[in-house]
Each structure stands twice: as structure tokens, then as C-alpha cells.
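Down below is the structure, laid out as C-alpha cells.
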Amino acid sequence: DDTSRLSRNLAEAMQLKQQLEFAGIRLIAVSQGVDSADDQADVIWTVHGLVDSLFLKELAKKTHRGMEGLALRGMHTGGRVYGYRSAPVEGGGARLTIYEPEAVIVRRIFQMTAEGTSLKRIAKTLNAESVRSPQPGTKKRYDTWAPSAIREMIRRELYLGKIVWNKSKKVKVPGTNRRVRRPRPKHEWKIIPAPKLRIISDELWQQVQQRIQWTNEQFARSSTSKGLVGRAASSPYLLSGFLKCGECGANLVVVRGRQRRHAAYGCPQHFSRGACKNSVCIRQDKLETMVFEKLRDKFLASEVLALIMAEFLTGLGNASENGDDARIHFEGRIKEVEAELRNLVTAIAKGKSKPSILLESIHERESELARLKALVARRKRECPQVSPDVLADFARRRLLEICDLIKIDVVKAKVELGKHLSEIVMTPDLENNSYVVDGQWDLLGEYTERLVPRYLDSLGDVKMVPGGGVEPPRGVNLGGF
């Protein structure tokens, strides 16, 4: 009909025209009277192609302005968002509303992230519990949770009650119909407060963002790693990544005993390259026992134990008010499945589609419904009421076992240690074949500013600073390991 039907990209239109002419095909734009057989066809086609390209760009700008107007009014600009449903409003358009069965899963994901659970572990947990993925019913091979989806969720400020629009744009890949997402400059973003859409508290959001920042700082420092997590993050040795050689500054690593019973830390610059004079080794189990027994003694102080219980009971009370997140999600899905079953029965009664297909769908929904009800019943059985005295006794016994307890999940324990410990400088005492240990250990961490003065007065010297050091203090022989 006209040149714009071939393409609205000037370079692409001219390339297609050349390819058709080379193939011996005559090209005519009927409404514009342009014929590729004419001598002036190249000039006329170029002019029309330029006009078509400008029209497309102006149309994109108008569409973008319209979407911006919707966003500034707090309206939904399209796309599925996990944790929300879109509801039409009078006068056209739609607004997002919180969908509680999915919102509880969002809170759970944020809480697990704040506690140090990896993205992969979260995805595996949700898939093991058969929690519906953010995009169910798609044509993808695997309709399941993926770590990449969780990575995007924990960075999405909409869950904090902020609509952030115009963060990115899509750019067409030359020569294809595929488009890729590119970020826009931050000054072009539009941030609109939406308190009614808040799912996550400010405190939980900050914990997650601090966790993300800490992970990036600790395990993605090397320019050669290209953003990949360092080996120390997944090391089975608890203090790997924290120990620094006092002579050359290298990270102490396990240099012997990997395949035997007792692993030992040493300076890799000495044992692998001979570039450092630090020849002292220290057994892993001895060092960990020494460090964490001092922690255990500090935590077992009556004031600290009271603080731990107060914080735990506060969290337990909040959890009771919010209910069991998993159970709420399952109950919400039960209502969805029951509604789907009613719709399928109605479709059979009205003779819609093939009965065999509908019956198969009904069978699938009934199986899912039975499984969900069984999960809800199990969740109710797994939530017994426990008295504060029993909890206090449990906490005391577990603290006594802290040296063994932290080794159950070394990766998760390393994340928690990183919140309180920056590094431990191991300065060798070559004459005594021992180490002088210095480090900064903040036991209270994020709770320091929130503690009432009576706790701060009674806790005493809980922040160890360089000079006092992580025990043993300066000059104490570690036994010659």
C-alpha cells in the first residue's frame, strides 16, 4: 500500500528494497505512486522512508507521554506484578491492589534474604513447596521459580510502596525483531508514592538491601571475577575470607590437611610462592573453638540472654499477628482452584470446548486442591504454642552448642558473621610459632542504636577494637600449631 508497510526504519527499508531489486522483483507503493523501476525511485523512496521513520518516533513519544500521565496518577501501566492484581477504575485504566496470597510469599522471600538464605536456596524451597511461580501457565519448558526472578523482586521498590516508572527502555536489535532492555539515567525516573501498595516494612527492606550490599562488597571485589561470587563465600571453612596475614595482607587459606582430619590455615604467599616469611600454621578447629567460645561466654551473660529473648518474643508476636505466611498463601490458592473448578463445570454444562479436555483440567484441579488442603492441615499441626521459659531454656542450650551449631550451615553462618566481623589480622610470632590476633568484632551489630540504655550499661565491652583484639590477646601462644 505504501512505503511504511515495508518498514518504518529508513536503513532497513532501503536494504529490503535493494535485496528485492537484486532478486529481480519490482516494488511499487500504490498510494504514493512510487515505482522502483523509475530513475528517481531511490530519491523518492529515501524521502518517504525518512518521513515514515519520523512518524514512528513521534508516535513513540506520544505513547510514552500517555504512559507517563498514567504513572503520575498512580495508575497501572501494564504487565504482571507478583503480589498484586490490577483492578479497573471508573473513567478507564486500572490500578494495582495487593493480592494477599502472593503478598505473604513476597514477605517470606524478603525475610529469607535478610536472614542470609541464597537466591538459589529460596527458589528451591518455593519449588519444593509447589508455590506458584510469578508467571504460571506460560509456554516455558519449566514453569517454576528461578533465582533471577527473586533477584529482581528483592530490588523492586514497589513492594516498599513506591511506583518507580521509566527506569528502562527497550531497544530493537538491528536486523532482528528482538528487543532488549536498557537502563535509563536515574534523573529520568519518575517516583510516585503509593502507600496503599506497601507489602514490605522499611526495616525489612533495609535489612535486605544491606545484605545485597554486603554480599557485593565481600564477594565481588576482584576485577577479574566479573561480578561472580568469590570462592570464600562457599568455602566449607567458617573463617575463610576473614583471616588476613599480618605480614603481607593476603587471605589466610587452608594450606594442609584438606583430605585429612585436621585442616590448618596458613599464608598462601609463603606456602605456594615463598613470597612471604609467615611460615606459621594454625589448626582450623583450634582457632574456631577459641574464637567462638569467647562469643558463647559473652552471649550467655544474663543481660545479653534477656535481650535475645526480648527480641525473639517481639518477632514471635509480630509473626503471630501476621499469621503463617505459607498457610495464608495455600488458603488463597485453594480459593482460586475452587473458583476454577466452578468455571470448568459451568463450561461443561454449556457445551463449551471438548468435554475430554475439560474433564482432564478438572482432574488436575481436584488433585491440586487435595494437595493444598493437606499442606494447610500440616502447617496448622506444625505451629505449636511454646512458653517463654521453654524458649529461654532452649536458647541457653543452643548457645552452649554454638561452636557446633554454626557449622550446620557454614555458608549462612558466614553471612551472619560478616555483619559483625570485618577481618581478623593474624600476625605471626615466628619465635614462638604462634599468632598474635587482632580484629574488630561488633557483637551487637544493627541492634546497637536500638538498645535501651540499661542494656548498653550492663553489656560492658562488647565491641572489641584493634589493640584489644579477638581473643587470645596479644602475646598468648596458640599452642604451636
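Please compute the alpha carbon radius of gyration of region 35-96, then divide it by the globular-protein estimate 2.2 N^0.38 Å. Two decimals is fine.
Details: Rg = 20.2 Å, N = 62, 2.2 N^0.38 = 10.6 Å.
Here the answer is 1.91, to two decimals.
Among all the aspartates and glutamates, which ones have a C-alpha under 17 Å from residue 62's C-alpha, if same-chain residues fewer than 8 places away are not counted?
Partners found: 52, 188.
Going through the cross-link list 167/412; 286/407; 196/414, which pairs have a Cα-Cα distance over 25 Å in this structure? Mind showing how you got there, number by number?
Working: 167/412 33 Å; 286/407 14 Å; 196/414 37 Å.
Beyond 25 Å: 167/412; 196/414.
Order these peptides, 30-42, 76-88, by their mean beta-carbon neighbour count within 10 angstrom, highest first.
76-88, 30-42
How big is D, in µm² s⁻¹, for region 137-214 by Stokes-Einstein at 37 °C and 0.692 mPa s if Rh is the Kirkwood radius over C-alpha pairs? Each step should come with its number before you reach the end.
Values: Rh = 15.2 Å.
The estimated diffusion coefficient comes to 216 µm²/s.
Starting from the Cα of residue 181, step 7 Å along the direction of its Cβ; do the same at residue 209; then give the gap between the two resulting points in nm.
1.9
Taking 0.36 nm per residue of separation and subtracting the Cα-Cα distance, what length does fully extending residue 39 through residue 26 add? Don't jump to the answer; show the numbers that get you there.
Working: separation 13, 0.36 × 13 = 4.68 nm, distance 1.30 nm.
Additional length available on full extension: 3.4 nm.
Could you list log10 I(q)/I(0) for region 35-141 at q = 0.14, 0.18, 0.23 Å⁻¹, which the Debye formula gives when each Cα is one point scatterer?
The computed values of log10 I(q)/I(0) come out as -0.80, -1.00, -1.19.
Extension gain residue 311-residue 15, at 0.36 nm per residue separation less the Cα-Cα distance, in nm?
Length difference between fully extended and current span is 99.7 nm.
Pop out the ³J(HN,Hα) list for region 151-162 in order, Karplus 6.51 cos²θ - 1.76 cosθ + 1.60 with θ = phi - 60°, rounded to Hz; leave Gly and Pro as x.
4, 5, 4, 6, 10, 8, 6, 4, 5, 8, x, 10
Quick check: Cα centre of region 1-23 to Cα centre of region 122-193, how many Å?
Measuring centre to centre over Cα atoms gives 35 Å.
When ranked by the protection proxy of mean other Cβ atoms within 10 Å per residue, highest first, what sequence do the peptides 92-98, 7-13 form?
Working: 92-98: 14.9, 7-13: 17.1.
In decreasing order of mean packing, 92-98, 7-13 become 7-13, 92-98.
Cβ neighbours within 10 Å, averaged per peptide: list 359-369, 266-276, 281-291 in order, most packed at the top.
Numbers: 359-369: 14.2, 266-276: 17.3, 281-291: 19.0.
So the peptides 359-369, 266-276, 281-291, ranked by packing, come out 281-291, 266-276, 359-369.
Mind giving me the nanometre distance, one decimal, between the label points for residue 87 and residue 367, set 7 Å out from Cα along Cα→Cβ?
Using points 7 Å along Cα→Cβ, the separation is 3.5 nm.
Residues of region 173-201 with amide nitrogen under 14 Å from the 7 Å Cα-to-Cβ point of residue 77?
182-193
What does the charge add up to near residue 120, with Lys and Arg as +1, Asp and Glu as -1, over the other residues with Cβ less than 13 Å from its Cβ?
On the way: positive: 121, 124, 151, 412; negative: none.
Spelling it out: positives minus negatives among the neighbours equals +4.
Tell me, in nm to one decimal, what length is gained between residue 256 and residue 217 on full extension, where the rule is 0.36 nm per residue of separation less the Cα-Cα distance? Intermediate values should be presented prior to the final figure.
On the way: separation 39, 0.36 × 39 = 14.04 nm, distance 2.83 nm.
Separation in residues times 0.36 nm, less the Cα-Cα distance, equals 11.2 nm.
Given H placed 1.01 Å from N in the peptide plane, which residues other than close sequence neighbours of residue 243 have an amide H under 5 Å from its amide H?
Those qualifying (amide H under 5 Å, at least 5 residues apart or on another chain) are 252, 424.
Starting from the amide H of residue 439, placed 1.01 Å from N in the peptide plane, find each other amide H under 5 Å away whose residue is 5 or more places distant or on another chain.
Placed amide hydrogens put 425, 467, 469, 470 under 5 Å from residue 439.
Since every read-out is calculated from the coordinates, none of them should be taken as a lab result. Since the model is a prediction, treat every value here as computed from it, not as a measurement. Note: ideal-geometry Cβ built from the backbone for every residue, glycine included; neighbour counts use all protein chains shown.
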